[in-house]
Every structure is written in structure tokens, then in C-alpha cells.
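J.: Input: one structure, supplied below.
The values are calculated or read from the model by the stated rules, or taken from the named source; none is laboratory data. Note that the coordinates shown come from a computational prediction; the quantities given were computed from them, not determined experimentally. Using ideal geometry, Cβ is built from the backbone for each residue, glycine included, and neighbour counts are taken over all protein chains shown.
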Amino acid sequence: MANKKAISRGAAVCNHQIGTNRTVLRGRIRAALRCERFVLLVASILLVHTAEVMAQNREGDFTISPFFGGQMSIFVGDVHLDGDYKWGLRAGYNVTPNWSSEFVYGANVTVHDPGDVRCTIHQYGGDVLYNFQPEKRFVPFLAAGFGVFDVDFEKGYNGRTAGYFNSGAGVKYSLTHWVALRADVRHTILLDNGDNLFEATLGLHFQFGRR
């Protein structure tokens, strides 16, 4: 009889502990779910706020865009400048959210054919950009402008300066309110002899000014 009572008391204690553990477990699950909901809510608010901040090509802001890529001659004969790496910097101003202007400097170390004479091409120019959907993070744009190429040869040739007209397109993808990824393509026509150049570049786009 005593053994039965002990067994009953033990079972009761065990059931009480199991019930207590279940209650604690339920409480912990509820707390974890509340914490998870709170974290998701905060993350959602931050994402919305960040998207609103990033999604702006702001009027009145200044921009700086370092770039790196390649430039090559196309549709040319035996006398031409070879294609090679190109790097440079664009500095601009957002006249309106849609319209921007930029000054461009680029450099390209390559060779002149025939003769494989090494030379450096310096680009000085200005472009006008039209930005589509400037309120978004992903901003495609069209570009066109004029400028000059100044070619310095190491030997055998006199220096050469030629005006150009270029046109092209690109995209900017905002990472924060002040920095974006940027990609550009350009088709350039030299005004002295009609030679054609093609370039493609990648870089960063920094925007600063009023917010």
C-alpha cells in the first residue's frame, strides 16, 4: 500500500514537473515569437526608410564618379589606336532630378598602329545626362557630349589633338543615399577624320550636397 502511495506521489510530482516545463516552454516560445515580430517590424521600417533615402537623384547635388574600363577603335583601317584599359573621373551637377551635367577626364595608355608606338590618350570633355525614374534606386540614363582627345606619343609622331562627339547610355544603382554603382557605354566619333571609338566602364557614383 505504501509503495502504491509513493508511486502515486512520484507520478504526481512528475506530471507537475512536466506541466511546469510545458508552461515554461510555451512562455519561451511566445517570447521568442514576440521578439521575432519586433525584429521583423524594425527591419521593415529600416528597409522602407533606407529605400526612400536611396531612391533619389537629388536636384542641386554635386557628383563624383571614378571609373575604370576599356576603350577600343572600331570601323577603322590599318592606321589606328589600339584598344586598351581606360580610367578617369567624372564630376557633375544635378540641374534637376532628370537632367545632369558632367565634366569628364579619362586616360588610356595604348599603342599606335602601324609601328606599335606607345602613346597616352587624354580625354577632356563634357556630357549632358537625362536620368529616367530619378526617384528610384535603379536609374537608367542617356548621355551625349563633346570634348577633345590629346594624344602624346613616346617617339616617332607629333602629338595630336582631335575633337569628338560621343553618345551612349548607362545605369546607376543606389547602395546608400550618397553612393551608387554605375556602368556606362559610349560611342565616340572623332571630328577630324571620322574614326570611331567604343568604350565601356564601371565605377562608383558619389552624390553629396543638400538632403
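J.: Is it the case, given these coordinates, that V148 is under 20 Å from D192 (Cα atoms) and touching a Gly at 6+ places or on another chain (Cβ under 6 Å)?
T.: Considered against the rule, which asks whether it is under 20 Å from D192 (Cα atoms) and touching a Gly at 6+ places or on another chain (Cβ under 6 Å), V148 comes out as yes.
J.: Tell me, which residue of the stretch 133-166 that is polar (S, T, N, Q) and in a strand (DSSP E or B) is nearest to E59 (Cα to Cα)?
T.: Once the filter is applied, the top-ranked residue is N166.
J.: Suppose we keep only residues that are assigned to a loop (DSSP other than H, G, I, E, B), touching a residue at least 12 places away in the same chain (Cβ under 8 Å) and not hydroxyl-bearing (S, T, Y) within the stretch 167-209. Which one would you say is surrounded by the most Cβ atoms within 10 Å (Cβ to Cβ)?
T.: Here the residue is D195.
J.: Of the residues V95, V117, V104, which is among the hydrophobic types (A, V, I, L, M, F, W, C) and under 18 Å from L204 (Cα atoms)?
T.: V104
J.: Does Y105 satisfy being modelled with pLDDT of 85 or more, assigned to a strand (DSSP E or B), closer than 29 Å to Q56 by Cα and of a type in the set (F, W, Y)?
T.: Yes: the conditions hold for Y105.
J.: Consider V128 carefully, then state whether it is closer than 23 Å to F206 by Cβ, more than 16 Å from the chain's Cα centre (by Cα) and at pLDDT 95 or above.
T.: Yes, satisfied.
J.: Failed condition for G145, given (1) surrounded by 17 or more Cβ atoms within 10 Å (Cβ to Cβ); (2) farther than 20 Å from D127 by Cβ; (3) under 27 Å from the mean Cα position of the chain (by Cα), with all others met?
T.: Evaluating G145 over (1) surrounded by 17 or more Cβ atoms within 10 Å (Cβ to Cβ); (2) farther than 20 Å from D127 by Cβ; (3) under 27 Å from the mean Cα position of the chain (by Cα) leaves (2) as the failure.
To keep it simple, each residue is scored yes or no on (1) modelled with pLDDT under 75; (2) in a strand (DSSP E or B).
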{"residue": "L33", "(1), (2)": "yes, no"}
{"residue": "F38", "(1), (2)": "yes, no"}
{"residue": "V48", "(1), (2)": "yes, no"}
{"residue": "R58", "(1), (2)": "no, no"}
{"residue": "S101", "(1), (2)": "no, yes"}
{"residue": "V111", "(1), (2)": "no, yes"}
{"residue": "Q123", "(1), (2)": "no, yes"}
